[in-house]
Amino acid sequence: MSNLHPALQRVTDRVIERSRASRAAYLALMAEEGDKHRDRNVALPCSNLAHGFAAAGEDKASIMTKAGPNIGIISAYNDTISAHQPYGAYPPQMKLWAREVGATAQVAGATPAMCDGVTQGMDGMELSLFSRDVIALATAVGLSHQMYDSVAMLGICDKIVPGLLIGGLRFGYLPTVFVPGGPMPTGIANKEKQKVRQLYAEGKATRAELLASESGSYHSAGTCTFYGTANSNQMMMELMGLHLPGAAFVQPGTPLRQALTRAATHRLAEITRDGNDYRPLSHCVDEKAVINAAVGLLATGGSTNHAIHIPAFARAAGIQIDWTDLAELSHAVPLLARVYPNGAGDVNHFHAAGGIGYIIRELLDAGLAHRDIMTVGGDDLTAYGQEPWLDGDQLAWRDIGPTGDEAMLRPVGEPFQPDGGMRLVEGNLGRGCFKTSAVDPSRWTIEAPCRVFETQKQVAEAFAAGELDRDVVVVVRFQGPRANGMPELHKLTPPLGVLQDRGYRVALVTDGRMSGASGKVPAAIHVSPEALGGGPLARLRDGDIVRLCAEDGTLSTSADLSVREDAAAPLPQGGTARELFAMFRHGADEAEKGGSAMLALAGL
């Protein structure tokens, strides 16, 4: 397109060239697999086929004769994750809606879906990142039955959407639509929630008061309303054209939510190989779609977890993208949204102000996103710059108009910041990500003596003892994929926030994760190479001067690390089945490549 921003074009061209061989190999495999499994009634022997529809009830005859397309449903439903609880009702409804258009639907398989909110600071968090690989593998097991002509992916939260996408891409000859469930209604004010958390960290609020506050925030079915990884997932699916347009942030249990799910089911029957509008996932997820996901992340100040997830799911499609690419895009893409924890309002306020449709329209008009991608909902990305609504009982789309709240959503010409919400920092301590969108620019540069820890608990104890009441760079190491599965270190945010509010110059440096809820404290996260196995963080000592600067992209120390031995890594801990995940830790690659054992061992 003629008005494409030069930086977007430059990064896209570089990713295409870098990926040329791997992308060609992937597409060749998908073409071969698609031809092999073109007709299940031919490819599957009768006994196999009979097993596949034995319990299909009234749909048995249709599947037996291939009277219409058969939609495979991969569901990450469970009752513990509020975002996924509504999915329990989806398969029976989708079967009815499939019959309306002469199709059938079967639950092809289920995947695990863990909640980082439940496991924060607990042993189970060490399984979190690797649950993405497990989800991808579970998706592949479900689709391996080869009974399906298209796929509905029911998943929303942190590792679930990337895992579903990775697994689905290995069956990329199948058209695939991601079907969201929507956010829960807004609870207590975000500032009040944050205040109670910090009071509790200081010992000024009781556990009962904290629990009452948290329950007032996370209070019903639906996705958590802050703009963390789960809602960033939904944003990316829109920018990649893998939802129906505008489906991301419509609340559960509403007529519009049901209409969008029904329309997604109908669409899955229309875009199969046997129709006139074949839209395989392998062609929808190309280099331009991956770049769009990165642009959306930057324009909205989305979760830093996607600096790991984007390279991972891109690899599954034969596409190679790295943090240098994200950093260059970040310099060109303005920050158009401030959603909590980057602003006061949550995703419901964001949606009401114009939401993701407004963002997409602004990016397209400014040449900052690729319009010419294959989407599941239209000829290109244009329709995703509109919003869905019900015209009577009919689903329709309409123009959004200007922003409804300039404190939350702004046009490209008047952004919150001239560049995106994420920067690459690098130096003699490695490479890491710095999320600037939530951090006051006066704190983008921190230079101070460091204090080195190996667990969140050690940091909390030092904070409680008053040992951190000074300018300090808190280093938490041996938190990478190979060390302990790279857990989120979300429990660091309240004490570090308290120190900052007391007037100290504070920063965090870690080879662990902080997620989309990392907040206002400057941090270099995902530092690679990780401390285990020779990364430079293993040679830092208490008192070394560390400089972290988002302005010039620096992550360094003045200490001479070359004369030091690596600190001894903590022994791997068992319990909570962590021992069963040893193979994932041993095989994991660096965070910049996606922190995946599965992709590394597969040679992708």
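The values are calculated or read from the model by the stated rules, or taken from the named source; none is laboratory data. A quick note: this is a predicted structure, and the numbers were derived from the prediction, not measured. We place every Cβ from the backbone using ideal geometry, glycine too, and count neighbours over all the protein chains shown.
Quick notes on this one:
- A count restricted to segment 452-470 and to residues that are among the aliphatic types (A, V, I, L, M), surrounded by fewer than 20 Cβ atoms within 10 Å (Cβ to Cβ) and within 29 Å of the chain's Cα centre (by Cα) stands at 1.
- Residues being over 27 Å from the mean Cα position of the chain (by Cα), exposed (fewer than 14 other Cβ atoms within 10 Å of the Cβ) and in a helix (DSSP H, G or I) - total across segment 169-210: 3
- Residue within segment 501-510 that is crowded, with 24+ Cβ neighbours inside 10 Å, closer than 11 Å to Phe453 by Cβ and of a type in the set (Val, Ile, Thr) present: yes
- All conditions but one from (1) in contact with a Phe, Trp or Tyr (Cβ under 9 Å, 6 or more places away or on another chain); (2) crowded, with 24+ Cβ neighbours inside 10 Å; (3) modelled with pLDDT of 95 or more apply to Val473; the one that does not is (1).
- Unmet requirement for Leu210, which otherwise passes all of (1) in the same structural domain as Thr176 (by TED's automatic domain parsing); (2) touching a Lys or Arg at 6+ places or on another chain (Cβ under 9 Å): (1)
So that you can scan it fast, the table gives a plain yes or no per residue for (1) at pLDDT 95 or above; (2) surrounded by 13 or more Cβ atoms within 10 Å (Cβ to Cβ); (3) in a strand (DSSP E or B):
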{"site": "Gly516", "(1), (2), (3)": "no, yes, no"}
{"site": "Lys520", "(1), (2), (3)": "no, yes, no"}
{"site": "Glu530", "(1), (2), (3)": "yes, yes, no"}
{"site": "Asp542", "(1), (2), (3)": "yes, no, no"}
{"site": "Val546", "(1), (2), (3)": "yes, yes, yes"}
{"site": "Leu555", "(1), (2), (3)": "yes, yes, yes"}
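- The residues of segment 557-594 that are within 30 Å of Pro441 (Cα to Cα) and part of a loop (DSSP other than H, G, I, E, B), listed by number, are Ser558, Ala559, Asp560, Glu590, Gly594.
- Test for Phe226: is it among the aromatic types (Phe, Trp, Tyr) and under 21 Å from Thr300 (Cβ atoms): yes
- Residue in segment 34-46 that is small (Gly, Ala, Ser), assigned to a loop (DSSP other than H, G, I, E, B) and out of contact with any Pro (no Cβ under 6 Å at 6 or more places or on another chain) present: no
- Residues satisfying the stated conditions in segment 131-168, i.e. surrounded by fewer than 24 Cβ atoms within 10 Å (Cβ to Cβ), out of contact with any strand residue (DSSP E or B) (no Cβ under 9 Å at 6 or more places or on another chain) and under 28 Å from Gly575 (Cβ atoms): Val134, Leu137
- Taking segment 431-473 as the range and being among the aliphatic types (A, V, I, L, M) and either in a strand (DSSP E or B) or more than 29 Å from Gly485 (Cβ to Cβ) (or both) as the test, the residues that pass are Ile446, Ala448, Val452, Val472, Val473.
- Test: residue in segment 84-91 that is touching a residue at least 40 places away in the same chain (Cβ under 8 Å) and touching a His at 6+ places or on another chain (Cβ under 9 Å): no
- Subset of segment 330-348 (residues that are over 19 Å from His370 (Cα atoms) and in a loop (DSSP other than H, G, I, E, B)): Arg338, Val339, Tyr340, Pro341, Asn342, Gly343, Ala344, Gly345, Asp346
- Qualifying residue in segment 317-327 (condition: surrounded by fewer than 24 Cβ atoms within 10 Å (Cβ to Cβ), in a helix (DSSP H, G or I) and among the polar types (S, T, N, Q)): yes
- Test result for Pro418, at pLDDT below 95 and either hydroxyl-bearing (Ser, Thr, Tyr) or farther than 19 Å from His526 by Cα (or both): yes
- Residue that is assigned to a loop (DSSP other than H, G, I, E, B), more than 25 Å from Pro180 (Cα to Cα) and either at pLDDT 95 or above or of a type outside the set (Phe, Trp, Tyr) (or both), where the choices are Ala50, Ala55: Ala55
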